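Worksheet: the structure to be examined is printed underneath.
Taken together, the values in this text are just the output of simple stated rules run on the coordinates, not laboratory data. Worth saying up front: this structure is predicted, and the values here are computed from it rather than measured. Please note: Cβ atoms are built from the backbone with ideal geometry, for glycine as well, and neighbour counts cover all protein chains shown.
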Amino acid sequence: MPEGTGALREVLPKQGQLSVEDMPALVLCKPKILPLKSVSLEKLEKLQKAAKDLSNKYYSQCIKL
Amino acid sequence: MPRRAPFPTAGQPAGTGRAPLSAHSRLPRCPGAPPQPAEAGPGGSAAAPARPRSAPAPGRSSRGAPAGEMGLEPLFQAWSYFRRRKFRECSDVCSQILERPPGEQELDSEYTVFQAAWNLKTRALTEMVYVDEIDMDQEGIAEIILDENAIAQVARPGTSLKLPGTGQGGGPSPAVRPVTQSGRPITGFVRPSTQSGRPSTMEQAIRTPRTALTARPITSASGGYVRPGTASMITNPDGPFINLSRLNLTKYAQKPKLAKALDLAALATEYAQFKDWWWKVQIGKCYYRLGLYREAEKQFQSALKQQDMVDTILYLAKVYLRLDQPVTALNLFKQGLERFPGEVTLICGIARIYEEMNNISSAAEYYKDVLKQDNTHVEAIACIGSNHFYSDQPEIALRFYRRLLQMGVYNCQLFNNLGLCCFYAQQYDMTLSSFERALFLAENEEETADVWYNLGHVAVGIGDLNLAYQCFKLTLVNNNDYAEAYNNLAVLEMRKGHTEQARALLQTASSLAPHMYEPHFNVAILSEKVGDLQRSYTAAQKSEEAFPGHVDTQQLMKQLKEHFAML
């Protein structure tokens, strides 16, 4: 059920409860749904990667000289 | 736009000095082939005019042999490369054509060939780097901070993209859905313009990881063609030889050259006596790039008055969004929808704006509308899928992601999402193989880190804490700044009883990601257990800032306040 506002309310018995203990537990970060990339973004990244590789190549060549 | 024939007209006489038809048994050559060693058979020049210009059978061009061997007219060869999307080869052949000296032919036809080759080359170069301009929306850090276009200092809630309205959308809370740096929940789809939102301080801006999305691609070869373009345009009385490709080319050059693009566009508009909507749009785009948003808006408005086009509406909406006026953009889209009912890009635009404003329920509604019109729209499917996942409906999310798979989307993110949905929908057979595939398809370390992180969650879910520990460690190996992994490792360490290590990890997590409430809350709990109430209180405050609706934080704060009141 979605944790909507007041979608479900807990029903606690008023009688017969001896003790209530609420240990605050550490929370985990949530699983991540990865966003899909658009075609433009992929193309951009590909171009930029190519440019970067090219510049790295030239840089390493310059270093060698 | 009238399409110019890519090869010279048939008026060229045979005795032009070009290689005559060979008497070989080789495939007959079109008379336009580059100068061959003189193999002139006696029947050569007589036969030449008999062959029509566009002789080479289309079938042969697909073999891809170089122009000389196959005897193809080089311009035709270049054209066929272009059609087959081999842009680099096309531009190389065009360069060859252009480098050839004009020779003794008639100036007129040679000029035509020259123009055609040049046109083709620019188009090829543009196609290599062309990105849909409507999606391109990169804001530099300086542009954001030094933004002078602010309409009001403090925007009313729900009307600004910079301050997303809190919880008016009724979507899943940060208790369930991870949140990005700007406080917005993670979306299902990312485009060039969805960066991590606009940072509010300079410090945050610098810290925002800008993963290689800052540099613009520069094609240096194209720079040289700008000047011939301008020159030829001015001398050429029939202006519309210019086409979109050339303008994009000029714009993708560096900023100083942008001024040239603007000159070009302004000149053309003047020439067209301000009646040509297309040039107004181009000027508007130049202004947009230069940051002059109000001028851009004027241009687009006037272009819209002249001619209703969906693209103009989209560009104008981009301007409004950059001016931080999402409501205006929304109204614009809605008006556009009246004129273009059912237009997918407009509906999608509305949905994106709602998502940016944190109004998830309206966004979901509009994405569903998009799907009614076009049920293969990847963005809509992905967003609805992620909404369902975070609304505790992984089976429905699974259906959506399966649809994407059926459509042929095949990348790391999709398999990761499939794995997660399978696991939470209790289809355990598919889970691990999906994750394996995701790992295989990951293109860089960040994607790998994401997949390992989610695998860690799966491990926690099945109770294998050792595996979870290893997965989170692997996440950190691939991406040292993964705050969520640090937080989860801290939780695991706490379970083992290593309090100090947990605290150190939480420290790292909270400094890496101050917008996340989990590390702060965990620090608060830890400190309270140990008795360090002051630290606990400050951490709890930070957690409340990040996520005001967290019940446990509120309870903790209440407890602490009671303690302090007693003292």
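Side notes on the structure shown:
- For the stretch B:413-425, Karplus couplings with θ = phi - 60° (6.51, -1.76, 1.60), whole Hz, Gly/Pro x: 4, 5, 5, 4, 5, 4, x, 4, 5, 4, 5, 6, 8
- Distant alpha-carbon pairs in the stretch B:301-369 (separation over 20 angstrom), percent: 22 percent
- DSSP-loop GluC sites (Glu not before Pro) across the stretch B:435-469, with at most 10 other Cβ within 10 angstrom: none
- Gain in span if fully extended, B:VAL310 to B:ARG294, counting 0.36 nm per residue against the direct Cα distance: 3.8 nm
- Trypsin sites (Lys or Arg not before Pro) lying in DSSP loop within the stretch B:341-374, provided at most 13 other Cβ fall within 10 Å: none
- Built amide H within the under 5 Å cut-off of A:LEU36, gap 5+: B:PHE189, B:VAL190
- Cross-link table A:LYS43/B:LYS121; A:LYS46/B:LYS368; B:LYS334/B:LYS542, entries beyond 28 Å C-alpha to C-alpha: A:LYS46/B:LYS368; B:LYS334/B:LYS542
- Cα shape, the stretch A:9-65, gyration tensor, a/c 1.5 rule: oblate
- For the stretch B:482-522, GluC sites (Glu not before Pro) are listed when DSSP marks them as loop and at most 13 other Cβ atoms sit within 10 Å of their Cβ; the list is empty.
- About its Cα centre, the dipole of the stretch B:404-497 is roughly 320 debye, where the only charges are +1 on Lys and Arg Cβ and -1 on Asp and Glu Cβ.
- Under conditions of 4 °C and 1.567 mPa s, the stretch B:497-557 yields 116 µm² s⁻¹ as its translational diffusion coefficient, taking Rh as the Kirkwood radius over Cα pairs in the Stokes-Einstein equation.
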